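Read the figures in this text as sums done on the coordinates, not as results from a lab. Keep in mind the model is a prediction, meaning the values are calculated, not measured. Every residue, glycine among them, receives a Cβ derived from its backbone with ideal geometry; neighbour counts consider all protein chains shown.
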Amino acid sequence: MELNRRDFLAAAAAMETAFQPARDRISLAQWSFNRSFRAGVWKNLDMPKIVREKAGLDALEFVNQFFENPTLGYLRRLKKALADAGVTPVLIMVDDEDPTAGTDAAERRAAAVAHRKWVDIAHYLGCRAIRCNMRGGEGDWRKDESLVARAAESFRDLLAYARGSGIQILIENHGGASSDPDVLARLMKEVNDPQFGLLVDLGNWNKGDDHYEAIRKTLPWARGISVKDIPGWDLEKKLRMCMESGFHGFWGIESGARPPEGASPQEIFDAELAAVLKMKAAIERVVLGRS
């Protein structure tokens, strides 16, 4: 889907700005409310108002799985909902458009092309980036010597498409090879593009890995932080590591709530909201210095 690409690229020629805002801000990742979404409590068009009125925030990270039918008319309504609520759209988390690192060249190409519509949608809505996954390959990814090269090919293709739009292409540590900090560092160096970076999730690391060391290795390419609290690890220490690295930008709440079995849809939503507000308070205290 192209939203009059020639026109929007011409209008965006001067928009090659950094992903980070001039100050630290808290954003809400829609995934924090994924259970209540699936329970039918809200729809994508409702989220800007929820972000503002329920969470008391003004920045939103979309999830593409929650877009019912992104026609131009739908996107107009979503853009209006953002404006009416005074909420900044930060990025779109893009899933189910893999395999960007697949072994089949035709499939990789199809994956790169499939992401293009999300570049256009993100630009139309006023986002700064889309978050992609690095997935694909066969067998043990640790022994896959061409994995990074294949992924780099896909993301160079997507970066070329996004050039001039102001939309950055971000990779999140999201399991498997993408949660190996050394693989991510190699990918960043291989592509070597200022519009390419990482959405560093503080919790999505492979089992047995040292979270602190993994975060340290990936922070040089961080364009956003996905704040997740994992039992057994010190969230405040992780946040301070990010601050000490010089990061400034969006600190995205991606909290997890596990409502009791049999909870009603509203109880599910209330539990998710409580988890969001708890995470918000932690970020305000540690990052923003609010008591």
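Quick notes on this structure:
- Eligible lysines near K117 by straight Cα distance, threshold 19 Å, same-chain separation 8 or greater: K79
- Ascending count of other beta-carbon atoms within 10 Å, so fewest first, for T71, T103, T218: T71, T103, T218
- Among C242, C132, the ranking by other beta carbons within 10 Å of each residue's beta carbon, starting with the fewest, stands as C242, C132.
- Residue-count net charge about W31 - beta-carbon cut-off 13 Å; Lys, Arg +1, Asp, Glu -1: -2
- Summed side-chain charge close to V41 - residues other than V41 whose Cβ falls under 14 Å, Lys, Arg +1, Asp, Glu -1: +1
- Inter-site label distance for D140 and N69 at 7 Å from Cα along Cβ, in nm: 4.8 nm
- Chymotrypsin sites (Phe, Trp or Tyr not before Pro) restricted to DSSP loop in the range 22-107 with at most 14 other C-beta within 10 Å: none
- In summary, the helical segments of the chain meeting the span-like criteria, namely a full DSSP H run, a Cα extent along the axis of 30 angstrom or more and a mean Kyte-Doolittle hydropathy of at least 0.0, are 265-286.
- Net lengthening on full extension, K237/E284 (0.36 nm per residue, minus Cα-Cα): 15.5 nm
- E213/A263 FRET efficiency (R0 25 Å; Cβ-Cβ; nearest 0.05): 0.10
- Here Kirkwood radius over Cα pairs in Å was calculated from the structure, and among (1) 20.2; (2) 19.4; (3) 21.2 it sits at label (2).
- Neighbour net charge for A177 - beta-carbon separation under 9 angstrom, K R +1, D E -1: 0
- Temperature 25 °C, viscosity 0.890 mPa s: under these conditions the Stokes-Einstein estimate for the range 81-171, based on its Kirkwood radius over C-alpha pairs, is 178 µm² per second.
- For the range 5-286, share of DSSP beta bridges that run antiparallel, in % to the nearest 5: 0 percent
- Shape of the range 125-216, Cα gyration tensor, a/c cut at 1.5: oblate
- The loop-placed GluC sites (Glu not before Pro) in the range 86-187, going by DSSP, that have at most 12 neighbouring Cβ atoms within 10 Å of their Cβ come out as E138, E145.
- Over the range 206-255: Rg over Rh, Cα atoms, Kirkwood Rh: 0.93
- Where labels lie 7 Å past Cα in the beta-carbon direction, separation of D58 and R163 in nm: 3.6 nm
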